[in-house]
Structure formats: structure tokens, C-alpha cells
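Engineer: Supplied in C-alpha cells, the structure appears directly below.
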Amino acid sequence: MYRFLLSRQWVILTLVALALIPTMIELGFWQLHRHEHKVALNKVISASLAAKPVPAETLTAPGKRVRHDDLYRRVTAKGHFDTAHEEVVRRRTNADGEVGYHVLTPFALADGRVLMVNRGWVPADGAQTAFPQIPAPAQGEITVTGRLMADQTTADSGIKNVQGLPDRQVMLISSEQQARRLGKQVLGGYIEQTAPQSKGDSPELIPDPEHGDIGPHMAYAIQWWLFSAGIPVGWVILVRRERRDRAEAAAARTAPEAEPAPV
């Protein structure tokens, strides 16, 4: 009755169904983990932005990795900008989606150490091989405030750290790379400047990150799990339909032919 399940077509269909079930379950858990990560990150961002600023040196040090719980924490630093060693980070967008650069400027502290400061966004008006025109920051000793960020990596951002770029241009912000370039001790991570505001609002300061929306990841997880549960149900429906169709075809073949009506 069910010998058709041994046919090539049904064996392949069954194997595909068996492979899809764990795949969809795994995709559901992947979306669940993304949801949990987003919720946890939103809590960190909210707590960090609400906390009072602290000196950057209390949360990071040369060669130190910024802790997850310290991400986006507001910090301060006292020193002066070293624009002679300023660089730009390629392919960065502003709030309106325009492509340009982030301005990465070393900030020299009183003890000789350096804190890398992302001063904000500037447009890419000229050729990408040319260094853009960047308004100078405040001169002399100042106090800068910003959000503490971890070093950027390809794994976290999906951006490849391309070699052979034009002079004074990078793809990712890395304190280790900057320490080698400057020959100085560079505090781990970097900060996104929030104060003081640049003259003429350029570079354009990076706005606070969104942290109220958790995204549709939980809904996607439930959808994948429902799909995985629907596969065996669909398989059973198809088997029963095939069995019924085969039974009807067999009955039609064995039924006696009707005698012709007398004239």
C-alpha cells in the first residue's frame, strides 16, 4: 500500500524533508540568539548613555579590550588633538545615508598616551584617492567627551581591512594598528566625539545609537519553528493524497467494463 515510498522520487522528497527540519530549527535558534543579543545590547546602551561621564583612562588602557558592559559609556579626556597624524575611515554613511568618511584624529593625553577620537562624518566630495578637506578641531588643551567604543574588526562589522589604501585612509578603527603607526601607547578602543561641537557642524557628530527597537528577530524565530513543524504535517498530507490517488487509479483499472445498452 505504501510501497511507493521506496520510489526514487519519494526517497528524495523524504530525505529533503528530513534535512530541512533541523535546518529550520537551527535558523530559529539563530534568530532567537540575535533577539537576545539585541535586547542585551539595548540595555547596555541605555545604561551607558544614562551614566555620568568618567575619565577614559579608568575604563581602558593600552592593549586593553573595551569590555562589553562599557560600550557607549560616556567618557572624558583632557589633552590636545594631533591633526598631523589624522586619518579618515572609508565608506561611512551619515544619518541621511550619504557616503563619506569618519575623521579619526589622535588625541594626545598629558602623560604621553594617545586616545583615538572619531570626530564625526565628512562627505566624500572629491576622488576617493585624495584626502578630503577636514575642518580643524579646537586648538590647544581641551576636554573632549565621547562614547567609548571597541576596536572594529572584520568579524563584527563584515568590512574587510583592505591593504594598499591611499595614504591616511583606513577601513577599520584599530587601536593596535594606530599604536604601530604612531609609535606610541594608544588606549584600547576609541571614542565617538559628542563634545565640543565642531565649528560649522563639520565634521558632523555621530548621533547616539538607536536602542529602543529590538527588531523582528523573535517573530522570525517563531516563523522558522512553525515551518519546521509544518514539514512533517505536509509530508503526511502528500503521502495520503498519493495513496488515495493510486488507490483510485487501481480501482479504475480493475473495474468491469459496463455492457453496452441494448438497441
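Engineer: Could you please find all residues in the stretch 40-82 being out of contact with any strand residue (DSSP E or B) (no Cβ under 7 Å at 6 or more places or on another chain), without any contact (Cβ under 8 Å) to a residue 40 or more places away in the chain and either of a type in the set (Gly, Ala, Ser) or assigned to a loop (DSSP other than H, G, I, E, B) (or both)?
Structural biologist: If the condition is that a residue be out of contact with any strand residue (DSSP E or B) (no Cβ under 7 Å at 6 or more places or on another chain), without any contact (Cβ under 8 Å) to a residue 40 or more places away in the chain and either of a type in the set (Gly, Ala, Ser) or assigned to a loop (DSSP other than H, G, I, E, B) (or both), then Ala40, Ala47, Ala50, Lys52, Arg67 are the ones that fit.
Engineer: Another one. Given the structure, is Glu210 touching a residue at least 24 places away in the same chain (Cβ under 8 Å) and not hydroxyl-bearing (Ser, Thr, Tyr)?
Structural biologist: So Glu210 does not fit the description; no.
Engineer: If Pro256 satisfies every condition in (1) outside any helix (DSSP H, G or I); (2) within 30 Å of Arg67 (Cα to Cα) but one, which is the exception?
Structural biologist: Failed condition: (2).
Engineer: Tally up the residues in the stretch 192-207 that are outside any strand (DSSP E or B), open to solvent by 40 Å² or more (accessible area, probe 1.4 Å) and in contact (Cβ under 8 Å) with a residue 40 or more places away in the chain, please.
Structural biologist: Going through the stretch 192-207 one residue at a time, the tally reaches 4.
Engineer: Evaluate the stretch 210-225: report whether one residue or more is under 16 Å from Leu5 (Cβ atoms) and open to solvent by 70 Å² or more (accessible area, probe 1.4 Å).
Structural biologist: Scanning the stretch 210-225, I find no residue that is under 16 Å from Leu5 (Cβ atoms) and open to solvent by 70 Å² or more (accessible area, probe 1.4 Å), so the answer is no.
Engineer: Could you list all residues from the stretch 14-61 that are among the β-branched types (Val, Ile, Thr), surrounded by fewer than 15 Cβ atoms within 10 Å (Cβ to Cβ) and either at pLDDT below 90 or within 16 Å of the chain's Cα centre (by Cα) (or both)?
Structural biologist: Result: Val39, single match.
Engineer: Within the stretch 116-127, is there a residue that is at pLDDT 95 or above, under 17 Å from Glu57 (Cα atoms) and in a loop (DSSP other than H, G, I, E, B)?
Structural biologist: Taking every residue of the stretch 116-127 in turn, none turns out to be at pLDDT 95 or above, under 17 Å from Glu57 (Cα atoms) and in a loop (DSSP other than H, G, I, E, B).
Engineer: Next question. Within the stretch 173-191, track down each residue that is part of a loop (DSSP other than H, G, I, E, B), within 21 Å of Arg147 (Cβ to Cβ) and in contact with a helix residue (DSSP H, G or I) (Cβ under 7 Å, 6 or more places away or on another chain). Break it down into steps so the answer makes sense when it comes.
Structural biologist: Step one: of the stretch 173-191, the residues part of a loop (DSSP other than H, G, I, E, B) are 173-174, 183-185, 188-189.
Retained after the next criterion (residues that are within 21 Å of Arg147 (Cβ to Cβ)): 173-174, 188-189.
If the condition is that a residue be part of a loop (DSSP other than H, G, I, E, B), within 21 Å of Arg147 (Cβ to Cβ) and in contact with a helix residue (DSSP H, G or I) (Cβ under 7 Å, 6 or more places away or on another chain), then Gly188, Gly189 are the ones that fit.
Engineer: Okay, moving on. Out of Val233, Val239, I need the residue that is in contact (Cβ under 8 Å) with a residue 40 or more places away in the chain, in a helix (DSSP H, G or I) and either touching a Lys or Arg at 6+ places or on another chain (Cβ under 6 Å) or of a type in the set (A, V, I, L, M) (or both). Which one?
Structural biologist: Val239
Engineer: Of all residues in the stretch 88-127, which are without any contact (Cβ under 8 Å) to a residue 40 or more places away in the chain and open to solvent by 30 Å² or more (accessible area, probe 1.4 Å)?
Structural biologist: Selection gives Thr93, Asp96, Gly97, Glu98, Val99, Ala110, Asp111, Pro123, Ala124, Asp125, Gly126, Ala127.
Engineer: Working carefully through the options Gln163, Gln152, find the one that is touching a Leu at 6+ places or on another chain (Cβ under 7 Å), free of Cβ contacts under 8 Å to residues at least 40 places away in the same chain and in a loop (DSSP other than H, G, I, E, B).
Structural biologist: Only one candidate qualifies: Gln152.
The values are calculated or read from the model by the stated rules, or taken from the named source; none is laboratory data. Please read all numbers here as calculations on a predicted model, not as lab measurements. When we count neighbours, we look across all protein chains shown, and the Cβ atoms used for this are built from the backbone with ideal geometry, even at glycine. Quick note on the areas: whole protein, heavy atoms, side chains included, nothing else; ligands and nucleic acids left out. Shrake-Rupley method; radii C 1.70, N 1.55, O 1.52, S 1.80 Å.
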